[in-house]
1. Only residues that are in contact with a helix residue (DSSP H, G or I) (Cβ under 6 Å, 6 or more places away or on another chain) and outside any strand (DSSP E or B): list them for the stretch B:116-138, please.
2. I'd like to know if the stretch B:28-43 contains one or more residues that are touching a helix residue (DSSP H, G or I) at 6+ places or on another chain (Cβ under 8 Å) and farther than 23 Å from residue B:192 by Cβ.
3. Is it the case that some residue within the stretch C:151-162 is more than 30 Å from residue C:283 (Cα to Cα) and touching a helix residue (DSSP H, G or I) at 6+ places or on another chain (Cβ under 7 Å)?
4. Those residues that are within 14 Å of chain A (Cβ to nearest Cβ) and touching a strand residue (DSSP E or B) at 6+ places or on another chain (Cβ under 7 Å), I need them from the stretch C:154-181; list them, please.
5. Sort out which residues of the stretch B:197-212 are without any contact (Cβ under 8 Å) to a residue 12 or more places away in the chain and surrounded by 12 or more Cβ atoms within 10 Å (Cβ to Cβ), and write them in order of number.
6. Name the single residue, out of those in the stretch A:78-105 being over 22 Å from residue A:142 (Cα atoms) and facing chain C (nearest Cβ under 8 Å), that is surrounded by the fewest Cβ atoms within 10 Å (Cβ to Cβ).
7. Taking the stated definitions as given, is residue C:93 surrounded by 20 or more Cβ atoms within 10 Å (Cβ to Cβ), touching a strand residue (DSSP E or B) at 6+ places or on another chain (Cβ under 9 Å), farther than 25 Å from residue C:266 by Cα and away from every other protein chain (no Cβ under 11 Å)?
8. Considering only strands (runs of 3 or more DSSP E) fully contained in the stretch C:184-289, which possess at least 2 residues that are farther than 30 Å from residue B:299 by Cβ, without any contact (Cβ under 8 Å) to a residue 24 or more places away in the chain and not assigned by TED's automatic domain parsing to the domain that holds residue C:68?
């Protein structure tokens, strides 16, 4: 438990997080290791976790009818995978796969949701951090959407 | 500066002298209801006894009730027509089975072997200033334009100071007139009253003095000089327009998002008239034109205008697609960026852009509107 | 064709007419990706080598078709071969795309301001390339790699559309194999199976190993990419005076006389194309300047 708490505290997501909150959430945390090529989560499944990536590389993919799976983002050490646990209907909207051996901390969404309902301050601290990540992701996605590298003639 | 006077009739002799010396004499001629500049084969072609009435989007020639030779201000053309021609061949290349034959300087086909020297008769002080502005553009950088250099070398310039201000003139605001200060070989002021018709001639260069020796002239008296001076002073007081140039560069730089641009753009047809009549506008395009057989390709330089849609085209589209962006570009360049690029304003206050704009947009009014309603 | 004595004895006074191109012969045309190709050229006539600085461009003339500005993408230390990499998107580039070894192109140049590579001596150097933007940066990369000991950390961040659009793959692999260069490639999207990064190139900045307080950055790509990259670099702590971008505008004469390339009061052909970001950042966010 102590190790896990340290690992959590080191992850950039938890910069400035209150000491007491660690105690609250460490109970929802567990260590995860995913081998190269294995799926981490699939579109449509229940989104009961989110992941703090400690090392490795994860691809966010969408299955398309004509071309098969298309990778739209890769995540690395320090990134967060998944926030569908926060919003109903709590299902994943994409696939995620480990393209390298990946180590992550998994945080139990159901468990966290319950704790946040009880302690709104905890909830706010978590949501602030997610809002920051989502904003950055949205900005990046916008640039990808613009397809800036020019038209194919 | 040495000053002389000569009778009106001696003007013909002045032109003859220049012709004898091998100059191509260009002067004001009436053609197509406007006073334009072209080669004078005969001094009878000079546009005598005319004046022009100009205002926004209007130019009308009217008969004078006297025989003034230069009783008008400026027409649609300027001297850039000769120094920076609208269409100019730069070189020709030939494709043969052996490959690509690029010209060597001996076979240069872009110019007559020995181009004639120009003598410009009737250069207004604003236009004289415009020539010196274009000198900076074409000859002042690290790479100069050899065509402009060729055409500009050996010019003989006779300026004629303005005895009346045009309806759209504002040279006084720009410090470019109505009297020429320097840069001419001869500077004339026409004096016409009941008793006399003569020219007060200031000699600007040794060559000017030399040419003048061929004309019957006498030294000007103090009274002659004062008369000429008064004529110009009177012109100053009757300027058609006024432009406040104080801090104008920064005002325009800081107001690129001013709502005025939209308003003016709604009127602007982006027809490019203003850039064609403007004596300082220098934008050009380069076109490669082949013959039908594909064997010869000529590189042509042609006047261009920042008002055309594809002027700023790069892959994917034009940088300045809207009329607003293009009008803003022209006016900001003319009155602001030009100062940073070449050290002076790009505008000489000749008023042509106001007169020849089909919808009568007035650059002085635009500048005033932005200055007075800055946020 | 090339050895015709008439052609080889060209003695044109190029100083007198700056609009006259010099003939170069194509030695090789290489198709890099679906829409991008590289030409390697050799000067003809009395000219033996073509010296240039990284970041400069030439006006490239195709007989009877036209003339366009293209950045030089070769090694400044190898001036006997002139290299240009370009996308085939317009009339002139499409005509070039169909040309073959032995054909002749006209070249005027080199023009423009270079990447200030000497300014980076003793500092970390970050190259950020977007799409075809890698081509104008490559000469600077060559120069830095050739004098590697004069610089601190050297990082290349390269973003492009898809894996099949990645340019100079072999060279990137060779550079990546070195221990003294960090090469990160990312694409906007990829098919499953791509083991590299997916996402915008700005995402790579926060993780790249360089000291922002002692870094010079050279950024080249679509204008919007350069704008966001410069902002992200600055956010990470790089001084705006140490960030350089390469601008592009319509060019006809490339010698500051035709007016087409104006960008505010700058002429991109002679005041640029390389600009210090601090000097132009306010114009980059204005529309239609």
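The values are calculated or read from the model by the stated rules, or taken from the named source; none is laboratory data. Bear in mind that the values here come from a model prediction, so they are computed numbers and not experimental data. Note that each Cβ is placed from the backbone with ideal geometry, even for glycine, and that neighbours are counted across all protein chains shown.
1. Answer for the stretch B:116-138, where residues must be in contact with a helix residue (DSSP H, G or I) (Cβ under 6 Å, 6 or more places away or on another chain) and outside any strand (DSSP E or B): B:126, B:136, B:138.
2. No: the stretch B:28-43 contains no residue that is touching a helix residue (DSSP H, G or I) at 6+ places or on another chain (Cβ under 8 Å) and farther than 23 Å from residue B:192 by Cβ.
3. yes
4. Looking only at the stretch C:154-181, we keep the residues that are within 14 Å of chain A (Cβ to nearest Cβ), and these are C:157-167.
C:157, C:158, C:159, C:160, C:161, C:162, C:163, C:166, C:167 - these are the residues of the stretch C:154-181 that are within 14 Å of chain A (Cβ to nearest Cβ) and touching a strand residue (DSSP E or B) at 6+ places or on another chain (Cβ under 7 Å).
5. At the first step, the residues of the stretch B:197-212 found to be without any contact (Cβ under 8 Å) to a residue 12 or more places away in the chain are B:206, B:210.
Across the stretch B:197-212, the qualifying residue is only B:210.
6. Among them, the one singled out is A:100.
7. Details: surrounded by 20 or more Cβ atoms within 10 Å (Cβ to Cβ): yes; touching a strand residue (DSSP E or B) at 6+ places or on another chain (Cβ under 9 Å): yes; farther than 25 Å from residue C:266 by Cα: yes; away from every other protein chain (no Cβ under 11 Å): no.
Answer is no for this residue.
8. On the way: elements: C:215-220, C:243-246, C:274-276.
Output list is empty.
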